[in-house]
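Notes follow once the structure below has been shown.
The numbers here are math on the coordinates, done by the rules we state, and not lab data. Note that the structure is a prediction, hence the values are computed from the model and not measured. Note that we place each Cβ from the backbone using ideal geometry, even for glycine, and neighbour counts take in every protein chain shown.
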Number of protein chains: 2
Amino acid sequence: MDDQPVSPFPLSRPGETVVALGERETLRRIVRRLPRARAELLGPGDDAAVVSTPDARTVLTTDMMVQGPDFRLAWSTAYELGWKAAVSNLADVAAMGAVPTALLVALAAPLETPVAVLEQFADGMRDACAELAPGCGVVGGDLSTSSALTIAVTAIGDLRGREAVLRSGASAGDDLAVAGSLGLAGAGVWLLYRDGSTDSDAEGRREPDARRARAVRHEHPQLVGEQVAPRSPIGLGVVASDAGATAMLDVSDGLVLDASRIADASDVTIELHGDAIDAEAAALVEIDPVVGRRARDFVLTGGEDHSLLATFPAGRAPEGFRVIGTVRQRGAHAVTIGGAPYERAGGWDPYANWDGAAG
Amino acid sequence: MDDQPVSPFPLSRPGETVVALGERETLRRIVRRLPRARAELLGPGDDAAVVSTPDARTVLTTDMMVQGPDFRLAWSTAYELGWKAAVSNLADVAAMGAVPTALLVALAAPLETPVAVLEQFADGMRDACAELAPGCGVVGGDLSTSSALTIAVTAIGDLRGREAVLRSGASAGDDLAVAGSLGLAGAGVWLLYRDGSTDSDAEGRREPDARRARAVRHEHPQLVGEQVAPRSPIGLGVVASDAGATAMLDVSDGLVLDASRIADASDVTIELHGDAIDAEAAALVEIDPVVGRRARDFVLTGGEDHSLLATFPAGRAPEGFRVIGTVRQRGAHAVTIGGAPYERAGGWDPYANWDGAAG
């Protein structure tokens, strides 16, 4: 993400908006920048795409990102949005133990959106695929108009003969392990809310502020970077499956909440090791001391790192995974930490937690 | 569509909004109403779905509908939106000569949306699948928030050993044929703009009006019905393929524009038969005289019927298709009617034609 994205095609000029160029030309400029899928049999341009699915079972998932609730243009570049839109879907495929093979992208943009914004979005998708899921590409999509930039990505994946790793297979005695970061993305969005917004107005409202956000990014590149363009360990999904993972998901809503999903689906209790969580928090402080005493909460409840959380028969977690807990027979609580329940809110509910007025 | 939708689950109460119930309960109430796919190996509830794709080639397509540009809640019921969101994607799969097997639904709704609205949406999807694509169902999705109701559906389909029917295979001498209606949906939206909106305000703006729209629907059920809940002949996609269709698409942007897409992709000229177009226009007047002298224009440029337009070797169009043209060697024009080019705008470009202020 430190390197400038490279495309053989120059960006369109600022005055070349989607309404100025029209749908056909806008699509032509975007499509040529998109990554080509190795599994593509027929790409964009017909009524539908055709993709090779040799396993005869196809994994598929979709995720929608809306300007406002899900991202702010003052905080994320279009390139980062493309990266994140790809990764959040690739991670869902990886968490099934499958290899992501193809993406579809439906995008609604305001009429006055410069086509260059959509081109940078495409570049971010291309680079995320190239770096995290080589061979995966975009095979089709749809372009519409909306007052808020809205992105819906669909990802499909191939199991290549493996069984899908569900959330429901954990059993007592398994290790719980994680691959990828915990808490960085959550700390990043906390910083953006705290320091990347305007001061409160008379009604106490604050707005995302691009200039302040740039300063925050400069000072805290790793936290903000993980929030706006998470680096999920996509390739470790099949590694986990081959190592015998009994359950897996990607951490999108926070460790405690996502662990409770495995616990509920598997009818077990997940015991997070107190010392392992302390070590994760210490590592987070090491990365950026700004998190301070909040480190442990970010580790436990920060979402959007899109790390892989999996259970394995004891001692079987493969390289790349850190053991942070043990699966127990179901007790009073879905998740405990060092034997005690976690009492704080466990994660993010877009309907219960989102306060439009708060910015 | 005349029958009331039937679900074993009662609708949620008006005060039960998405923000009041939260994501988990909202999802639970919606998911139980959704149609189950015969190809489903793993349905909603995990990171991704798993679907049987026995052909080893999978057809996939996505389409986004945004409140405002793509639909008006004053004109469409939630049930109809669900129906249309399903059909517009099912038709794209059918137009490849494939059998639609599964849908994903990403939906962003305002926080105050009654869950009953989303339930009726689900009922519409279920009934569209049951009637037009039996065996197809919803295997997964995503729920987010937005100020404008936004729906992105992805459909996948199975070729069952057939070759995909592209837009590029038409050749001189082929017949051009259509299955399904032409012009009804276009006339329907014209009526809704004309009679289903408020009078112009001081700035000349008109707004969709639910009460007036109800009167329009009552007087012109077939035209408005096809606009808000099109009845695409999904099952005829594989029939066309088996009959040797050389090219096919679904008519979403108007006959002339969509025919020109086949013509351009196949490097041919498509000659629409003047008498066949006259007959289509006469049939439209027969259905509803309100179209009057505009009938021919609705037939030629009205979109959203999602009929299937295909080319066949001469004399091979199967039952359910009406021959309306002939494929010729490429000439000066992509499409001609009775030998002359069609001079009016050929269809709908969401970026060039959409005027937010106009409605």
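With K and R counted +1 and D and E -1, the other residues having a Cβ less than 10 Å from that of residue A:255 yield a net charge of -4. Per residue of peptide B:244-253, the mean number of Cβ atoms on other chains within 10 Å of the residue Cβ is 1.
In region B:54-132, Cα pairs under 8 Å separated by at least six residues give a relative contact order of 44 percent. Using a cutoff of 8 angstrom between alpha carbon atoms and counting only pairs six or more residues apart, the relative contact order for region B:18-158 works out to 41 percent.
Above 39 Å lies some portion of the pair distances; for the protein assembly as shown, what is it as a whole percent of all C-alpha pairs? When all Cα pairs of the protein assembly as shown are counted, 34 percent exceed 39 Å.
Here the contact order of chain A, divided by its residue count and restricted to Cα pairs under 8 Å and six or more residues apart, works out to 22 percent. Look at where the Cα atoms of region A:122-195 and of region B:122-142 average out, and the two centres are 26 Å apart. Computed from phi, the 3J(HN,Hα) profile of region B:234-251 under the Karplus parametrisation 6.51, -1.76, 1.60 (θ = phi - 60°) reads 3, x, 7, x, 6, 4, 4, 4, 5, 7, x, 3, 9, 7, 7, 7, 9, 7 Hz, with x in place of Gly and Pro. Loop-resident trypsin sites (Lys or Arg not before Pro) (DSSP state other than H, G, I, E or B) in region A:37-73 with no more than 16 further Cβ atoms inside 10 Å of their Cβ: A:38. Most simply put, chain A has about 75% antiparallel DSSP beta bridges, counting only bridges with both residues inside it. Segment residue A:282..residue A:210, full-extension length gain: 22.9 nm, with 0.36 nm per residue of separation and the alpha-carbon distance subtracted. Where Lys and Arg each count +1 and Asp and Glu each count -1, what net charge lies around residue B:305 among other residues with Cβ under 10 Å from its Cβ? Once all neighbours under 10 Å are counted, the net charge is -2. Sparse packing (at most 11 other Cβ atoms within 10 Å of the Cβ) combined with a DSSP loop state is found for the following GluC sites (Glu not before Pro) in region A:75-142: A:112.
By the count of neighbouring beta-carbon atoms within 10 Å, fewest first, A:311, A:336, B:26 end up ordered A:336, B:26, A:311.
Remark on residue B:45: its backbone amide H falls under 5 Å from none of the residues 5 or more positions apart or on other chains, H modelled at 1.01 Å from N. From a point 7 Å beyond the Cα of residue B:330 in the direction of its Cβ, which residues of region B:146-170 have a backbone N at a distance under 16 Å? Within reach of a label on residue B:330: B:167-170. Sorting B:233-240, A:191-198, A:215-222 by their mean Cβ neighbour count within 10 Å, with the most densely packed peptide first, gives B:233-240, A:191-198, A:215-222.
Please work out, to two decimal places, the log10 of the ratio I(q)/I(0) at q = 0.17, 0.18, 0.20, 0.25 Å⁻¹ from a Debye calculation in which every Cα of region B:260-306 carries one identical scatterer. After summing over all Cα pairs, the log10 values are -0.57, -0.62, -0.72, -0.93.
3J(HN,Hα) couplings calculated from phi for region A:39-51 with the Karplus curve 6.51 cos²θ - 1.76 cosθ + 1.60 (θ = phi - 60°) are, in sequence order, 7, 5, 9, 8, x, x, x, 10, 5, 8, 8, 10, 10 Hz; Gly and Pro show x. Each residue of region B:186-202 is assigned a 3J(HN,Hα), and the resulting list reads x, 5, x, 6, 4, 5, 5, 5, 6, 10, x, 10, 5, 5, 4, 8, 4 Hz, derived from the Karplus form 6.51 cos²θ - 1.76 cosθ + 1.60 (θ = phi - 60°), x at Gly and Pro. Size descriptor for chain A, Kirkwood hydrodynamic radius: 21.1 Å (Cα pairs only, one decimal).
For residue A:337, nonlocal amide neighbours, meaning residues 5 or more places apart or on other chains whose placed amide H falls under 5 Å from its own, are A:272, A:342. Legend: P(r) of region A:175-352 from all alpha carbon pair distances, 10 Å bins from 0, whole percents, reading 10, 36, 34, 14, 5, 0. Remark: A:105, A:31 ranked as A:31, A:105, counting other beta-carbon atoms within 10 Å and listing the fewest first.
Look at the stretch A:100-107: the mean tally of other chain Cβ atoms within 10 Å of its residues' Cβ atoms is 4. For region A:243-304 versus region B:69-119, the spacing of their alpha-carbon centroids is 36 Å. Simple spin-label estimate for residue B:41 and residue A:171 gives 2.2 nm between the two label positions (7 Å along the Cα-to-Cβ direction from each Cα). Restriction of the trypsin sites (Lys or Arg not before Pro) in region A:148-191 to DSSP coil positions whose beta-carbon has at most 16 other beta-carbons within 10 angstrom yields A:160.
Among B:309, A:166, sorting on how many other beta-carbon atoms sit within 10 Å of each Cβ, with the fewest leading, yields A:166, B:309.
Is the shape of region B:31-177 rounded, prolate or oblate, going by the alpha carbon gyration tensor and its root eigenvalues a ≥ b ≥ c, with a/c under 1.5 for rounded and a/b larger than b/c for prolate? It comes out oblate by the Cα gyration axes. Around the amide H of residue B:322, modelled in the peptide plane, lie the amide H atoms of B:178, B:179, all under 5 Å away and 5 or more residues distant in sequence or on another chain. Would you compute, from DSSP H runs of 4+ residues alone, the mean residue ellipticity of chain B at 222 nm, taking -39500 (n - 2.57) per run and dividing by the full residue count, rounded to the nearest 500? It lands at -10500 deg cm²/dmol. Each copy carries a label point for residue A:13 at 7 Å from Cα along the beta-carbon vector; from one copy to the others these points are 6.1 nm apart, nearest first. Distances between copies at residue B:194, taken between label points 7 Å from Cα along the C-beta direction, are 6.2 nm in increasing order.
Averaged over peptide A:82-95, the number of partner chain Cβ atoms lying within 10 Å of each residue's Cβ comes to 1.
Mean-square fluctuations from a GNM of chain A, with a 10 angstrom spring cutoff on Cα atoms, peak among A:241, A:146, A:12 at A:146.
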